[in-house]
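Worksheet: the structure to be examined is printed underneath.
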Amino acid sequence: MDIAQGVYGFFSSLLLGPGFGLVALGRTRHGVTWLVVFLACIACVMFSVWMVPVAMVVLLLAMVDAAYVGARSAPGTFRLLRIANAAMFVGWIAAVIAVRTFVVEPYRLPASSMSPTLEIGDHVYVDKVRGVSVGDVVVFRYPCAPDRDYVKRIIAKAGDRVEVRCNVVYVNERAIPNTLTGASCTYRDYDEVDDRWFARTCSRYHETLGGHSYDVFHDAERPERDRSQTTIGDSRDFPYSEVPPSCALADDQGGGHQILGRVEGEPKEDPCAAGGLHYVVPSGHVFVLGDNRNNSNDSRIWGGVPESDIKGRVVGIWFAKQAGALRLSRIGAIE
């Protein structure tokens, strides 16, 4: 039994990819089989985020298999300069790049604008194959700085009329169903300037849209404001004027929601009802909002997102870490 060959097979499969150690030991077909199975698991992440741990199990089995084969092979079986070995490595790199570019891509949440659905430190996979629709959480190029990626939820499609009245979102004058589930809540946010974590207060509501059922955060004062609503509308109504949203209204810190204000003019009989000033989603665009409605830089500020700038739909959370602590309970699919 050659222990050195077994160790080599194990770690080469770990560091270079499943099956690579077997190819180095002269088991080309055997090694390629492991690689294909592993890549198939990664590709299936677009259907279920739980394929990530399955892929990790496949990788572990490939490593153990390479160690076993290497240890039982005749001494001197290394084939480090074999053409098949080099081809295996090149093919592995090409396959990883192809999967990341065209199938699924990892993304890490840097901000709290999608809380509670996605929180700071969540690592998600993005499905880049299947199309997106209203209600999906998507990653896209930020229209005001295309070199940055943003993640939000699609609320409306091209041609739809969007309004926000008293924190209720209306699409084509129909309210997105929302129900208060927590009048008082808190969540952790991060201040990059001071490098510190701090607590924010909130209220929690449940929405349903496009077959999706999810929770959103609003400011802590909304429940009381809803109870005492009279005829003045709400300070977060949208649109706030006939000036269309644009990148000129967004600031460099990703904020801008503070500029929203009540629509001026004749007060309506019901200030919380739709039917007044509205935003029409342009052709070839979608309207997106963060689930953290009171702390999100989104289409209310800068307008629609070109469909061509959407990278894909968020499948689910495959890893989560916040303030140095693992949060394995967050792993799984999202709505």
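The values are calculated or read from the model by the stated rules, or taken from the named source; none is laboratory data. Note that this is a predicted model, so its numbers are computed, not measured. Backbone-built Cβ (ideal geometry, glycine too); neighbour counts: all protein chains shown.
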* Kindly check whether there is at least one residue in the range 121-131 that is of a type in the set (A, V, I, L, M), assigned to a loop (DSSP other than H, G, I, E, B), assigned by TED's automatic domain parsing to the domain that holds A320 and at pLDDT 90 or above. => no
* Could you look through the range 227-248, keep only residues that are out of contact with any Leu (no Cβ under 9 Å at 6 or more places or on another chain) and modelled with pLDDT under 75, and pick out the one that is nearest to L289 (Cα to Cα)? => D234
* To do: Could you check S203 against (1) within 30 Å of G324 (Cβ to Cβ); (2) of a type in the set (G, A, S); (3) out of contact with any Gly (no Cβ under 8 Å at 6 or more places or on another chain) and say which number it fails?
  => (3)
* Asked: Is it true that V162 is among the β-branched types (V, I, T), within 17 Å of M114 (Cβ to Cβ) and either part of a helix (DSSP H, G or I) or in the same structural domain as W302 (by TED's automatic domain parsing) (or both)?
  -> no
* Considering residues of the range 270-311 that are among the charged types (D, E, K, R) and either more than 24 Å from the chain's Cα centre (by Cα) or in a strand (DSSP E or B) (or both) only, the residue farthest from V134 (Cα to Cα) -> D270
* Structure fact -> When restricted to P106, P110, P116, P75, the only residue of a type outside the set (A, V, I, L, M), at pLDDT below 75 and over 19 Å from P306 (Cβ atoms) is P75
* To do: Evaluate the range 172-179: report whether one residue or more is free of Cβ contacts under 8 Å to residues at least 24 places away in the same chain and either at positive phi or assigned to a loop (DSSP other than H, G, I, E, B) (or both).
  => yes
* Within the range 184-199, can one find any residue that is among the aromatic types (F, W, Y) and without any contact (Cβ under 8 Å) to a residue 12 or more places away in the chain? -> yes
* To do: Could you figure out which of (1) at pLDDT 80 or above; (2) within 20 Å of D219 (Cβ to Cβ); (3) touching a helix residue (DSSP H, G or I) at 6+ places or on another chain (Cβ under 6 Å) isn't true of N295?
  => (3)
* To do: Go through the residues of the range 52-67 one by one and say whether even a single one is modelled with pLDDT under 80, part of a loop (DSSP other than H, G, I, E, B) and not charged (D, E, K, R).
  => no
* Exactly one of (1) over 23 Å from R313 (Cα atoms); (2) surrounded by fewer than 16 Cβ atoms within 10 Å (Cβ to Cβ) is unmet by H218. Its number? -> (2)
